[in-house]
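Below is one structure, written out as structure tokens, with a few remarks after it.
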């Protein structure tokens, strides 16, 4: 994970330098997973992977605007969006009339067929009638 973080930090630094030089449209790449690089312009890279101040791709940043029931469903073994991220998203939903943080035991970042997908579906199916009951 440290090597991943160092590599990401290097691409972020290069992207920030390109933005400062007025070259936000220059292409940068980051290989998050072997053989599956993330390739985008520097401005988009910062917008997606940058800090809260730099990015609009943050649920936490806009959570207070959510004013409908909301569930944050997160895997306990997520190695990319770590569990504290789910907790921060949940805390940000301050205007939601009903909010719940639901953990899916053993689930990683990617939804996989079988038990994990079934557990996510069951969590959603259990939450919906509690948060949005049918009105006569």
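Quick notes on this structure:
- Estimated from helices alone, the mean residue ellipticity of the chain at 222 nm is -13000 deg cm²/dmol (sum of -39500 (n - 2.57) over DSSP H runs with n ≥ 4, per residue).
- Two-site label geometry, residue 13 and residue 77: point separation in nm, points 7 Å out along Cα→Cβ: 3.5
- Tail fraction, Cα-Cα pairs, the stretch 35-83, threshold 17 Å, whole percent: 56
- Counting DSSP beta bridges with both ends in the chain, the antiparallel % (nearest 5): 50
- Recomputing P(r) over Cα pairs in 5 Å bins from 0, in percent from the coordinates shown identifies the correct label among (1) 2, 11, 21, 24, 20, 13, 6, 2, 0, 0; (2) 2, 9, 14, 16, 17, 15, 12, 8, 4, 2, 1, 0, 0; (3) 2, 8, 15, 15, 13, 11, 10, 10, 9, 5, 1, 0 as (2).
- Contour excess over end-to-end distance, with Cα ends at residue 131 and residue 38 and 0.36 nm allotted per residue: 29.8 nm
- Going from the residue with the fewest nearby Cβ atoms within 10 Å to the one with the most, 92, 15, 7 rank 7, 92, 15.
- When peptides 120-129, 37-46 are sorted by average Cβ neighbour count within 10 Å, with the highest value leading, the order is 37-46, 120-129.
- As a rough footprinting exposure proxy, the listed residues 59, 51 were ranked by other beta carbons within 10 Å of their own, and the order from fewest upward is 51, 59.
- Taking other Cβ atoms within 10 Å as a rough exposure proxy, 104, 134 sort from fewest to most as 134, 104.
- Full-extension gain in nm, residue 27 to residue 117, via 0.36 nm per residue minus C-alpha separation: 28.9 nm
- Translational diffusion of the stretch 2-49, µm² s⁻¹ [Kirkwood Rh, Cα pairs; Stokes-Einstein; 37 °C; 0.692 mPa s]: 309
- Rel. contact order, % - alpha carbon contacts under 8 angstrom, at least six apart, the chain: 17
- Rounded tilt (10° steps) of 2-20 against the dominant C-alpha axis of the chain: 60
- Evaluated at q = 0.11, 0.16, 0.19, 0.22 Å⁻¹, the base-10 log of the normalised Debye intensity for the stretch 59-131, with identical point scatterers placed on the Cα atoms, takes the values -0.27, -0.57, -0.78, -0.98.
All of the numbers you see were taken from the coordinates with simple rules; none came from a lab. None of the values given here were measured: they were computed from a predicted structure. With ideal geometry, Cβ positions are generated from the backbone for all residues, glycine too; neighbour counts draw on all protein chains shown.
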